[in-house]
Amino acid sequence: MEEKRIKADESGVRIDKLLCRLFPEFTRNNIQNYIEKGLVAVNGEIVKSNFKPKINDEIVFTVPDPVILDVKAEDIPLDIIYEDEDVLVINKPRGMVVHPAAGNYEGTLVNALLGYCKDSLSEINGVIRPGIVHRIDKDTSGLLLVAKSNRAHLSLAEQIKEHTARREYLALAIGEVKEDGTVNAPIGRSEKDRKKMAVTLKNSKEAVTHYFVKERYEGFTLLHCVLETGRTHQIRVHLSHIGKPILGDNVYGPKKQKFNLDGQLLHAFKITFRHPVTDREMTFEAPLPGYFCEILEKLSKKL
């Protein structure tokens, strides 16, 4: 348990931001999660993330004990695009879950990372998500940043949060997209199906996706998508919202789709970030997976 009395220069600052300043070993997401769980009180009262304490208010932060879970290290091959003592850039295959969760405690990227890196992964996201800075969906392939040290994790997480890290995708959309565009539509949990996300004004967050026409086919368009924000299922939801769902996406697209694909044709092909230690800008690319190329070849032959 940590206790803190507010000073003059700390008065009026949101409690989540203030705790990030006072406890730099935690990310803002960590702090907000702890606040939601009721682990932060001001003058004996549980508060929300947007609470602003005043001079002489007393903050009590009950730092949670680490959860001990048995996440197995597994010998699973990794497609490593880049590695140094602080950072890994991984090309994740379609079908691999990023971290353990209910129903998926084996065969995840985390299991593979534990087998490869041993103890050389950041601890900031706990034992379930060591080293994981950001995620992509199970059936989305492509590039992911992995932090091997805590200092790297804090830097990379901040770049993702502040949108200074650039993440670019290729998506094969159903339908013919006439021109480049931007979808600026808030995303939140669907009220009709809590397992899905949706464009909604209720309990949502700002979401912006830029898309550029890369190639047109008969009935399909290959799009280059750039994330300005990083919401769950963002590209899939946004393209479905404008009537151009991703081929193979049985959640946000039509149930019956051409080619009987096992997952959406969405690939995180490029990522740009500043190295957390050297501050050098780095860009990496991953080629389209074979099954994606095969579909494009079939479509090209029909032109």
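The values are calculated or read from the model by the stated rules, or taken from the named source; none is laboratory data. Keep in mind that this is a model prediction, so the values were computed, not measured. Cβ sites come from the backbone with ideal geometry, for glycine too, and all protein chains shown count toward neighbours. Surface areas here come from the heavy atoms of the whole protein model, side chains and all, with no ligands, DNA or RNA. Shrake-Rupley method; radii C 1.70, N 1.55, O 1.52, S 1.80 Å.
Once the stretch 90-111 is narrowed to residues that are closer than 20 Å to Tyr169 by Cβ and not in a loop (DSSP other than H, G, I, E, B), the residue that is most open to solvent (accessible area, probe 1.4 Å) is Asn91.
So, restricting to strands (runs of 3 or more DSSP E) that lie completely within the stretch 153-262, which ones have at least 2 residues that are under 20 Å from Asp137 (Cβ atoms), open to solvent by less than 30 Å² (accessible area, probe 1.4 Å) and touching a residue at least 40 places away in the same chain (Cβ under 8 Å)? First the steps, then the outcome.
Numbers: elements: 166-174, 181-184, 187-189, 197-199, 208-217, 220-227.
Qualifying strands (runs of 3 or more DSSP E): 166-174, 220-227.
On the given criteria, is Val87 at pLDDT 90 or above, open to solvent by less than 90 Å² (accessible area, probe 1.4 Å) and in contact with a Pro (Cβ under 9 Å, 6 or more places away or on another chain)? Judged against the criteria, Val87 is a match.
Applying the condition of being open to solvent by less than 40 Å² (accessible area, probe 1.4 Å) and modelled with pLDDT of 85 or more to the stretch 116-129 and asking which residue is farthest from the chain's Cα centre (by Cα) yields Cys117. The residues of the stretch 5-39 that are closer than 25 Å to Arg151 by Cα and either polar (S, T, N, Q) or part of a strand (DSSP E or B) (or both), listed by number, are Thr27, Asn29, Asn30, Gln32, Asn33. Look at the stretch 288-303: where a residue is part of a helix (DSSP H, G or I) and a partner is open to solvent by 50 Å² or more (accessible area, probe 1.4 Å) and not aliphatic (A, V, I, L, M), sitting 6+ places away or on another chain with Cβ atoms under 8 Å, you get Tyr291/Arg94; Ile295/Phe259; Leu296/Glu215; Lys298/Phe259; Leu299/Glu218. When you check Lys48 against the structure, is it at negative phi, at pLDDT 90 or above, touching a Lys or Arg at 6+ places or on another chain (Cβ under 7 Å) and not β-branched (Val, Ile, Thr), yes or no? No.
Of all residues in the stretch 112-152, exactly one satisfies the criterion of being hydrophobic (A, V, I, L, M, F, W, C), closer than 20 Å to His275 by Cβ, assigned to a loop (DSSP other than H, G, I, E, B) and touching a Pro at 6+ places or on another chain (Cβ under 7 Å), namely Leu121.
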